1. Within the range 55-71, how many residues are open to solvent by less than 70 Å² (accessible area, probe 1.4 Å) and within 18 Å of E7 (Cα to Cα)?
2. Does P91 count as under 19 Å from R26 (Cβ atoms), in a loop (DSSP other than H, G, I, E, B) and touching a strand residue (DSSP E or B) at 6+ places or on another chain (Cβ under 7 Å)?
3. Quick check: anything in the range 11-34 more than 19 Å from P73 (Cβ to Cβ), in a helix (DSSP H, G or I), open to solvent by less than 50 Å² (accessible area, probe 1.4 Å) and among the hydroxyl-bearing types (S, T, Y)?
4. When you look at A82, is it modelled with pLDDT of 90 or more and open to solvent by 30 Å² or more (accessible area, probe 1.4 Å), yes or no?
Amino acid sequence: MNTKLRELTGNRRASLRYVEHCYVERVVLTLKYKLVGWPKDIPYRRFGNIPRREQSLRRLLALWDSGELHFEPATANDRIVAKLCPKTIIPGYSPATREVEPVVSSVDSGTALLPQALRPSGEPSVSGILG
């Protein structure tokens, strides 16, 4: 995966860190890429800390080899979400299995740019602010 990330970014020092905050900061925000296709039942963390490690690693490798697990450019919206609610951009994120960090409920903080599902209830949308 590191080889592909380096190829895509043109950065020979690019590397995928299996620590959530490093992934958000280095891969999504700095390199502007995201991993797509990570299974929801395999937590994104250092391989030594993954349950059923050998089975999980084999599955990840099979997904990578098939192209189902791959990198895509992180959109501007992905990067906004990464800044405001970083847990939601982690590969394999599932609200049913992970807690979401609270988002500051303020138009000034940019929450109006979030999709409705991620905005605190009653928070206006961009169209409501600009329109």
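The values are calculated or read from the model by the stated rules, or taken from the named source; none is laboratory data. These figures come from a predicted structure and were not determined experimentally. So basically every Cβ, Gly included, is an ideal-geometry build from the backbone, and we count neighbours across all protein chains shown. Quick note on the areas: whole protein, heavy atoms, side chains included, nothing else; ligands and nucleic acids left out. Shrake-Rupley method; radii C 1.70, N 1.55, O 1.52, S 1.80 Å.
1. We begin by selecting, within the range 55-71, every residue open to solvent by less than 70 Å² (accessible area, probe 1.4 Å); these are 56-57, 60, 62-64, 67, 69-71.
Filter once more, so that each one left must be within 18 Å of E7 (Cα to Cα): 64, 67, 69-71.
Number of matching residues: 5.
2. Values: under 19 Å from R26 (Cβ atoms): yes; in a loop (DSSP other than H, G, I, E, B): yes; touching a strand residue (DSSP E or B) at 6+ places or on another chain (Cβ under 7 Å): yes.
Yes, satisfied.
3. Checked against the condition, which is being more than 19 Å from P73 (Cβ to Cβ), in a helix (DSSP H, G or I), open to solvent by less than 50 Å² (accessible area, probe 1.4 Å) and among the hydroxyl-bearing types (S, T, Y), the range 11-34 yields no hits at all.
4. Numbers: modelled with pLDDT of 90 or more: yes; open to solvent by 30 Å² or more (accessible area, probe 1.4 Å): no.
So A82 fails the test.
Every residue, every condition in (1) under 15 Å from E25 (Cα atoms); (2) in contact (Cβ under 8 Å) with a residue 12 or more places away in the chain; (3) in a helix (DSSP H, G or I), yes or no:
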| position | (1), (2), (3) |
| --- | --- |
| P43 | no, yes, no |
| Q55 | no, no, yes |
| L60 | no, yes, yes |
| L63 | no, yes, yes |
| D78 | yes, yes, yes |
